[in-house]
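Worksheet: the structure to be examined is printed underneath.
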Amino acid sequence: MPDTSSTSRTQLTTEIGSGTDADQPSAGAEILLELVDDDGLTIGTAEKHWAHQQPGRLHRAFSVFLFDQHGRLLLQQRALSKYHSPGVWSNTCCGHPYPGEQPFAAAARRTAEELGTAPALLCEAGTVRYDLPDEASGLIEREWNHLFVGLVTAEPKPDPAEVADYRFVTAQELKELQEAKPFSVWFRTVFEAALPGIREITGGRDW
């Protein structure tokens, strides 16, 4: 069973500006992740791509689930140009904090960078640890993942280098999309772990 902690609410009040691309490697740029131990404590850093190669290194990550005023979940289809899990559908946003960056700040920042709109409300929804190999790429996700749920009020304006498509879905529409389209290897795990927070933020609404 996923290891989740209790949901706490934090109103997002800081202004989120644009930043560098933390998900796609660029020429000459080394992207570092925080390595963690079995208790989620930082023990060092590692280059991003290396940390995802077999056998993988346990590192800090985050996953965001945002909902509109109708209780629909915002999904994104990852850009086809991504080296990791291109073209698959996944949750609103996911990624890795920079070393020393708080997961909450990283989640808000990356959501704004990828989707062109910051969360109107963002709440902590626990953590989950997993080891999930991706057969398509040969990479592995060994992550200590901080979960966030929240609300979005503005229409997304996604960065095409990050997001190929997006859509808002009901619980039933999510099930149908999962049957028809490929999803990221981590989606089901993080979604199930975040369900208590999702039900709280949506007031139930069939999730």
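For the set E30, E47, the ranking by accessible area, highest first and with no ligand, DNA or RNA atoms included, is E30, E47 under a 1.4 Å probe. Secondary structure note: in the stretch 48-149, about 70% of the DSSP beta bridges are antiparallel.
In what order, largest first, do T45, T189 sit by accessible area if the probe radius is 1.4 Å?
Details: T45 75, T189 35 Å².
Largest to smallest exposure gives the sequence T45, T189.
Based on protein heavy atoms only, the stretch 55-207 ends up with 39 Å² per residue of surface accessible to a 1.4 Å probe. Annotation: extensible slack from D134 through A161 equals 7.6 nm (criterion: 0.36 nm per residue apart, minus Cα-Cα distance). Beta bridges assigned by DSSP with both partners in the chain are antiparallel in approximately 75 percent of cases.
Taking the charge dipole of the chain about its Cα centre, with +1 at Lys and Arg Cβ atoms and -1 at Asp and Glu Cβ atoms, the residue from A136, P196, A51 reaching farthest to the positive side is P196.
Please report, as a whole percent, how much of the solvent-accessible surface of the chain comes from carbon and sulfur atoms (probe radius 1.4 Å).
Carbon plus sulfur share of accessible area: 50 percent.
In debye, nearest 20: dipole of the stretch 110-170 around its Cα centre with unit charges on the Cβ of K, R (+) and D, E (-)?
Its charge dipole is roughly 220 debye.
Charges were assigned to the Cβ only: +1 to each Lys and Arg, -1 to each Asp and Glu. The resulting dipole of the chain about its Cα centre is roughly 340 debye. For F187, neighbours were defined as the other residues whose beta-carbon sits under 12 Å from its Cβ, and their charges (Lys and Arg +1, Asp and Glu -1) total 0.
Taking the longest Cα principal axis of the chain as reference, the axis of helix 187-202 is set at about 40 degrees.
From the helices alone, meaning DSSP H stretches of at least four residues, give me the mean residue ellipticity at 222 nm for the chain, per-run term -39500 (n - 2.57), in deg cm²/dmol to the nearest 500.
Value at 222 nm, helices only, nearest 500: -6000 deg cm²/dmol.
Computed from Cα atoms, the angle from the helix 103-115 axis to the main principal axis of the chain rounds to 70 degrees. With 0.36 nm allotted per residue and the present C-alpha distance subtracted, the D68-A120 stretch has 17.7 nm of extension available.
With r as the distance between the Cβ atoms of E200 and D39 and R0 = 30 Å, compute the FRET efficiency 1/(1 + (r/R0)^6) and round to 0.05. Efficiency, rounded to the nearest 0.05: 0.70. Taking the inverse of the mean reciprocal distance over all distinct Cα pairs, the Kirkwood hydrodynamic radius of the chain comes to 17.0 Å. Charged side chains reduced to their Cβ positions (Lys and Arg at +1, Asp and Glu at -1) give the stretch 92-207 a dipole of some 240 debye around its Cα centre. Computed over the chain, relative contact order equals 27 percent, with contacts defined as Cα pairs under 8 Å that lie 6+ residues apart.
With both labels modelled 7 Å from their Cα along Cα-to-Cβ, the S81 to Q102 distance reads 3.3 nm. Close amide H pairs (under 5 Å, H built 1.01 Å from N) link L139 with D134, residues at least 5 positions away or on another chain. Between R57 and R142, the built amide H atoms are under 5 Å apart, and every one of these is 5 or more places off in sequence or on another chain.
In this structure the amide hydrogen of R129, modeled in the peptide plane, comes within under 5 Å of the amide hydrogens of D3, N145, none closer than 5 places in sequence on its chain.
The values are calculated or read from the model by the stated rules, or taken from the named source; none is laboratory data. Keep in mind that what you see is a predicted model, and the values were worked out from it rather than measured. Cβ: placed from backbone, ideal geometry, glycine included. Neighbour counts: every protein chain shown. Remember, those area values only see protein heavy atoms, side chains included, never the ligands or the DNA or RNA. Shrake-Rupley method; radii C 1.70, N 1.55, O 1.52, S 1.80 Å.
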